[in-house]
Amino acid sequence: MENIMVVPTTPIEGQQPGTSGLRKKTAEFMQPHFLNNFTQATFKAVGGLTGKILVLGGDGRYFNDKAAQIILKMAAANGLSRLIVGQDVLLSTPAASNLIRQRKADGGIILSASHNPGGPEEDFGMKYNMANGGPATESVTDRILEETRTINFYQIVEAPDLDLSKLGIQQLGQMIAEVVDPVRDYHSLMETLFDFDAIRDLLASGFSITVDAMHAVTGPYAKAILEKDLGAPTGSVLNAVPLSDFGKGHPDPNPVWAKELMGIMFADDAPDFGAAMDGDGDRNMILGRSTYVTPSDSLAVLVANAHFAPGYKGGLAGVARSMPTSRAADRVAEKLGIDAFETPTGWKFFGNLLDAGKVTLCGEESAGTGSDHVREKDGLWAILLWLNILAVRKQPVAQIMEEHWAEYGRNFYSRHDYEGVDAARAKEMISALSGSLDSLPGTKIEGLVIQAADDFSYSDPVDQSVSPNQGVRIMFEGGARIVFRLSGTGTVGATLRVYLERYEDSPELLQQDPQVALAPIIRAAEKIAQIQKYTGRDAPDVKT
Ligand code: G1P
Ligand code: ZN
C-alpha cells in the first residue's frame, strides 16, 4: 500500500478559472504547489473523489507528462476508484468529452491551454469537465476558486511514476489506472454519425484534402480517420506529430496562425478542401480552393445541410450560437422552423441546451462548431460533416457558399482583437461604454443609426440562471452590429475583442471583401468606444 502524504500548503493567488478552465504561463503552473493546490481545490469543489471514475488527457504540450503524474498520484490519494487516461496523456478535448460519456465517468481533467502556444515560456492550462462531458459550469468553477482561497493541505501518494505509454491496467494504491488508445472510441463515434462510404468514394474520386493538425493533438486522430480509414493519400494531414511546443507555432486555426495552410489553399494547385484544428482539437477552420469560410458562415452552412449526414438525417432540434457569432445561422433556423438560441461566449453555456434536447448543433465565431454527440466543440467532427456534405452535394466549397448567400443573404463578419493591452484601461473602456448605453439609441455615426445598445445578459432557459455583463452590443438600423467584450482566456494583460457584422442581400454586393464591406462599421466602433484612446493601439493585432 502506497504511502499517502498530507502536505500542508497555503493559498496561491491567481487561481481563477476562466471561460475554459485555468490558463497561466507554464512557469506559474510549475511553481511549487501551484498545480497541486489547484488540483486539490478542484477535487474538493466536486465533492471529493471517493469511489469515482475520472478521465485524464491533454493536448501534448510541455509539462503535460509531469502534471499528469502529479494529478494521478493526488487522485489516488483522494480515493479515486478508476482513472482512464489517454496513452502518453493524449486526448483531444472532444475525445475526452466522449470518453467521459461513454464510460459513464464522473468527470475528467483536460491538460491544455487550447490554441495558446506551448512550452516552458508559453502557456499551460487545466480544465475540469463534468459527468455530461462538458466544461464545468460557473457554479463549479466558483467553488473551485473558493477552495483555492482556503486550501491548507493536499494529499498525494508517494510512488514511482506510472508508465503512461503502455496500454492497459496499472494499479496505484487502491486506484486503477487504465491507459487507453486516445483515438479508438472517438473514431467509433464518428462512424455512427457520418457516411464513411460516401466520404471514401469522394476521396477515391480524386477530391483532394489538406488538413493541418498544427503539431498538436489532432494529428493521430486525423491520420487514423482521414488517411488510414477514409483513404486520403498519406501526407494529406500536415504537421501530424504532436510536439510539446507545437513546433513553436501558435496552434490556432485562423488565417493568421495557419499561414502555411492558407498558402496551400490559395495557390494555383490548391486542393479541393482544407481545414485546420487547434491545440486540443476542439476548434476548426474550413477552406475550399481559394475560399475561406468564416466560422459563423460554417455554422450556418452546417445547419442548412446537416440532414445529408446519417447522424442528423431526422433534422435538428434547434441551433445555438454564442452572442458575438454572426446571425447567419439564425436565418437558416428561421427557414427550417427550428429554435435559435443566443448564449454568452464559452462552450459551457451550450451544455444545458444540449442536455435538455433543445438544440442539436452549436457554434461560436471563434472557430468552434459541434453537436449533441459530445459536450465540447469538435474540430474533426466539423471537418467530417463538411466532407459528408461535399460527398453528397458534389460541388466545390466556393459554390456551396455562393448558393448559401444567394438563398439567405450574407452576414459580413469580422473580429478584431487587441491583444495584451493594459487590463485596467481595457476595463475602463468597457465600463465607460456600459455607462453610455442609454444615450446611444438614435445617434447617427458613419451614416449608420444606432437602434439599440445594451450589455448582454443571459437567462438560461433550462435552469433560469442569469449571467450578466457578457458583452456590450450596439445594434444599428438595417441589421449591422458591433459587440465589444474582454477575453476570458488571455494570459497577459487583457484582450479586447471587437465583433463586427453587417447584413447584405443585394446579389451584386455578396462577393465583397469583408473588411471593405465592414469599413463604416469599423470606423463607427472606433468612434463609439475610443479604442485608440484606451488601448493606445491604432490597429488590431489579429483580424479574423
Ligand atoms: C475564446 C473564444 C470563445 C471560446 C473560448 C474557448 O474565449 O472567444 O468563443 O469559447 O475562447 O475556446 P475568450 O478569450 O473570448 O473569452
Ligand atoms: Zn481549443
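Just a few scattered comments:
- Accessible-area order (highest first, 1.4 angstrom probe) of the listed residues Leu384, Leu316: Leu316, Leu384
- Accessible surface for segment 11-135, divided over its residues, is 29 Å² per residue with a 1.4 Å probe.
- Note on the chain: helix-only mean residue ellipticity at 222 nm, from DSSP H runs of 4+ residues weighted -39500 (n - 2.57) and normalised by residue number, equals -9000 deg cm²/dmol.
- Gap separating the Cα centres of segment 1-78 and segment 468-544, nearest whole Å: 38 Å
- For segment 122-176, the ratio of Cα radius of gyration to the globular rule of thumb 2.2 N^0.38 Å stands at 1.54.
- Taking the empirical scaling 2.2 N^0.38 Å for compact globular proteins as reference, segment 13-58 has a Cα radius of gyration ratio of 1.25.
- Computed log10 I(q)/I(0) for segment 183-342 at 0.09, 0.10, 0.13 Å⁻¹: -0.32, -0.40, -0.68, from the Debye equation with unit scatterers placed on every C-alpha and solvent omitted.
- Net dipole in debye of the chain [+1 Lys, Arg Cβ; -1 Asp, Glu Cβ; about Cα centre; nearest 20]: 620 debye
- For segment 256-349: accessible area per residue (Å², 1.4 Å): 32 Å²
- Surface accessible to a 1.4 Å probe, per residue, for the residues of segment 388-531, Å²: 43 Å²
- Percent carbon-and-sulfur accessible area, segment 341-479, ignoring ligands, DNA and RNA, probe 1.4 Å: 47 percent
- Positive minus negative residues near Thr141 (Lys, Arg vs Asp, Glu; Cβ under 12 Å): -1
- Gln16 sits among other residues whose Cβ lies under 11 Å from its own Cβ, and their net charge, with Lys and Arg +1 and Asp and Glu -1, is 0.
- Rg(Cα) / (2.2 N^0.38 Å) computed for segment 402-544, rounded to two decimals: 1.10
- All alpha carbon pair distances within the chain were sorted into 20 Å bins beginning at 0; the resulting P(r) in whole percents reads 22, 56, 21, 1.
- Shape descriptor for segment 1-101: Rg over Rh equals 0.94 (Cα atoms; Rh from the Kirkwood inverse mean 1/r).
- Whole-angstrom gap from segment 253-282 to segment 201-230, using each part's C-alpha centre: 13 Å
- Three-way shape call for segment 287-384 based on the alpha-carbon gyration tensor, with the a/c threshold at 1.5: rounded
- Farthest positive-ward along the chain dipole, Cα basis, beta-carbon charges - from Thr10, Ala105, Val180: Thr10
- Note on Tyr413: accessible area approximately 20 square angstrom, rounded to 10, probe 1.4 Å, nucleic acids and ligands left out.
- Under the span-like rule (Cα at least 20 Å along the axis, Kyte-Doolittle mean at least -0.5), DSSP H helices of the chain: 379-393
- Here the accessible area is traced with a 1.4 Å probe on the protein chains. For segment 75-224, carbon and sulfur cover 47 percent of it.
- Rounded to two decimals, the Cα-based Rg/Rh of segment 38-161, with Kirkwood Rh, is 0.94.
- Apportionment of accessible area to carbon and sulfur, segment 4-61, percent (1.4 Å): 57 percent
- Intensity falloff of segment 294-333 expressed as log10 I(q)/I(0), Debye formula with alpha-carbon point scatterers, at q = 0.18, 0.21, 0.26, 0.29 Å⁻¹: -0.46, -0.60, -0.85, -0.99
- Look at the Cα gyration tensor of segment 46-116: its axes a ≥ b ≥ c give a/c of at least 1.5 with a/b at or below b/c, and that counts as oblate.
- Heavy-atom accessible area order for His373, His33, His250, largest first, 1.4 Å probe: His33, His250, His373
- The residues packed around Phe308, meaning those with a beta-carbon under 10 Å from its beta-carbon, carry a net charge of +1 if Lys and Arg are +1 and Asp and Glu are -1.
- Highest to lowest packing among 37-44, 212-219, scored as the average C-beta count within 10 Å: 212-219, 37-44
The values are calculated or read from the model by the stated rules, or taken from the named source; none is laboratory data. This one's a predicted model, so the numbers in the text were calculated from it and none came from an experiment. Quick reminder, even Gly has a Cβ in these numbers, built from the backbone with ideal geometry, and neighbours come from all protein chains shown. Side chains are part of the model used for accessible areas, which takes the heavy atoms of the whole protein and leaves out ligands, DNA and RNA. Shrake-Rupley method; radii C 1.70, N 1.55, O 1.52, S 1.80 Å.
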